[in-house]
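> I'd like to ask some things about the structure below.
The values are calculated or read from the model by the stated rules, or taken from the named source; none is laboratory data. This structure is a prediction, so every number in the text was calculated from the model and none was measured. Cβ coordinates were reconstructed from backbone atoms using ideal geometry, including for glycine residues, and neighbour counts include every protein chain displayed.
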């Protein structure tokens, strides 16, 4: 992972239209972005298509990135999640599917741990999630590890949408206190 | 996916909006609502930023590599005309104009060498061969080491029966010179073909019929038209 200074320099170069710098940012972020998208969409081909759209958005919107507010990876993941959810909504709308986000898990037999990059950061995150109260842990895992939308989580757990959102907020707040600041954070 | 029934106060509503933002599920109307709340209460921005950072770290455990061909498609996609802010577009135009005099010397070759068809950048047939290689299920990737370019990779697909060299910001060669790609065997070097970067330092060339097997590849600068054997030390090699 590039250091803060290297990322800052790369971002400036990308703003200037430097394709080489953009290629380096792609190398740094592509596994992260693709992983987020694929966890939501499941379908590898569609996930690559959306990942491509996300990187084009990064290329065209890099001027909006504010390093004082977020790291580059946080910014990219936020875009990735939103784009993936948008794609699911569009697909569902087009196909008039009743199936909610995340229910494709029935045809995706891979476990949560498959394809996970075994890193110290991943271990830290999992440890922190494991320490959450059960009700929050369940919702946080479904939302952010398995890539389910909050409607699917409510349906799966049989709880109201508002309760899901409350547990997401509560879980994130609690995790914030348990996760150290991301040391290799890029950009801030 | 708003859930108005679950909110009993503006505080609850803000919590709902922050949760939806972390989930990436804000509708446009909710996004405007959150923007207004952020303006009204500046402390909310820190809350939102912290939530997004935590959510990003959680989702980072799912990191997974896309296919090697995606990078090529992304780089091609950003070359296509895309909408961007006027400010960003103007800044990039200024940078590009600074490089034009340097790049003017770089022309694109279109050659056939020793029965191997070498297709220049941008040629329709080239796109077909490049796509066949990069989308192949048996794709092999061999990055080059060396200072010729920061990013320079050979892709080979036995099924497609072709080799692709994909490079970014490759140094231009002088007029009268060309890059030559070699297959380095025990009995010496065998020419695979010639290539030159385009005006932007981009190389994307396909060598139909080339089969590197397990042997390393090397790139030298040679006189235009190429050489029978390398005349200079390689600027980049694969292992």
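> Checking residue A:67 against (1) assigned to a helix (DSSP H, G or I); (2) at pLDDT below 90; (3) under 30 Å from residue A:17 (Cβ atoms): exactly one of these is not met. Which one?
(1)
Table: residues versus (1) assigned to a helix (DSSP H, G or I); (2) at positive phi; (3) modelled with pLDDT of 95 or more.
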position	(1), (2), (3)
A:136	yes, no, yes
A:140	yes, no, yes
A:143	yes, no, yes
A:147	no, yes, no
A:151	yes, no, no
A:159	no, no, yes
A:163	yes, no, yes
A:167	yes, no, yes
A:173	yes, no, no
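> Restricted to the range A:37-48, and to residues that are in a helix (DSSP H, G or I), more than 8 Å from every other protein chain (Cβ to nearest Cβ) and crowded, with 16+ Cβ neighbours inside 10 Å, which residue is modelled with the highest pLDDT?
A:37
> Residue A:188 passes all but one of (1) more than 18 Å from the chain's Cα centre (by Cα); (2) at the interface with chain B (Cβ under 10 Å from one of its Cβ atoms); (3) modelled with pLDDT of 95 or more; which number fails?
(3)
> So, one more: Just the residues that are facing another protein chain (nearest Cβ under 7 Å) and either in a helix (DSSP H, G or I) or without any contact (Cβ under 8 Å) to a residue 60 or more places away in the chain (or both), please, taken from the range A:70-83.
The answer is A:73, A:74, A:77, A:78, A:81, A:82.
> Exactly one of these conditions fails for residue B:68: (1) more than 7 Å from chain A (Cβ to nearest Cβ); (2) free of Cβ contacts under 8 Å to residues at least 60 places away in the same chain. Give me its number.
(2)
> Enumerate the pairs (first residue in the range A:12-24 and within 7 Å of chain B (Cβ to nearest Cβ); second residue anywhere and surrounded by fewer than 21 Cβ atoms within 10 Å (Cβ to Cβ) and part of a loop (DSSP other than H, G, I, E, B)) with beta-carbon separation below 6 Å, excluding pairs fewer than 6 apart on the same chain, so at least 6 apart or on different chains.
Within 6 Å, the pairs are A:20/B:150; A:20/B:169.
> Still on this structure, I have one more. Filtering the range B:178-190 down to residues that are over 26 Å from the mean Cα position of the chain (by Cα) and touching a residue at least 40 places away in the same chain (Cβ under 8 Å), which residue is surrounded by the fewest Cβ atoms within 10 Å (Cβ to Cβ)?
B:188
> Return the residues of the range A:70-106 that are modelled with pLDDT under 55 and either surrounded by fewer than 22 Cβ atoms within 10 Å (Cβ to Cβ) or at positive phi (or both); say none if nothing qualifies.
Matches in the range A:70-106: A:96, A:97, A:98, A:99, A:100, A:102, A:103, A:104, A:105, A:106.
> Which of the residues spanning the range B:169-193 are in a strand (DSSP E or B) and under 30 Å from residue A:13 (Cβ atoms)?
Of everything in the range B:169-193, those that are in a strand (DSSP E or B) and under 30 Å from residue A:13 (Cβ atoms) turn out to be B:177, B:178, B:179, B:181.
> Just for the range B:11-35: of the residues that are touching a residue at least 24 places away in the same chain (Cβ under 8 Å) and surrounded by fewer than 17 Cβ atoms within 10 Å (Cβ to Cβ), which one is nearest to the other protein chains (Cβ to nearest Cβ)?
In this case the residue turns out to be B:27.
> Determine if the range A:3-10 includes at least one residue that is at pLDDT 90 or above and on the phi < 0 side of the Ramachandran plot.
No.
> If you go through the range B:194-219 one residue at a time, how many are in a strand (DSSP E or B) and out of contact with any helix residue (DSSP H, G or I) (no Cβ under 9 Å at 6 or more places or on another chain)?
So the answer is 6.
> Checking the condition out of contact with any strand residue (DSSP E or B) (no Cβ under 6 Å at 6 or more places or on another chain) and either surrounded by fewer than 17 Cβ atoms within 10 Å (Cβ to Cβ) or in contact (Cβ under 8 Å) with a residue 60 or more places away in the chain (or both), which residue from A:55, A:65, A:34 passes?
A:65
> Still on this structure: Tell me, please, whether a residue that is over 22 Å from residue A:140 (Cα atoms) and modelled with pLDDT of 90 or more can be found in the range B:7-15.
Checked against the condition, which is being over 22 Å from residue A:140 (Cα atoms) and modelled with pLDDT of 90 or more, the range B:7-15 yields no hits at all.
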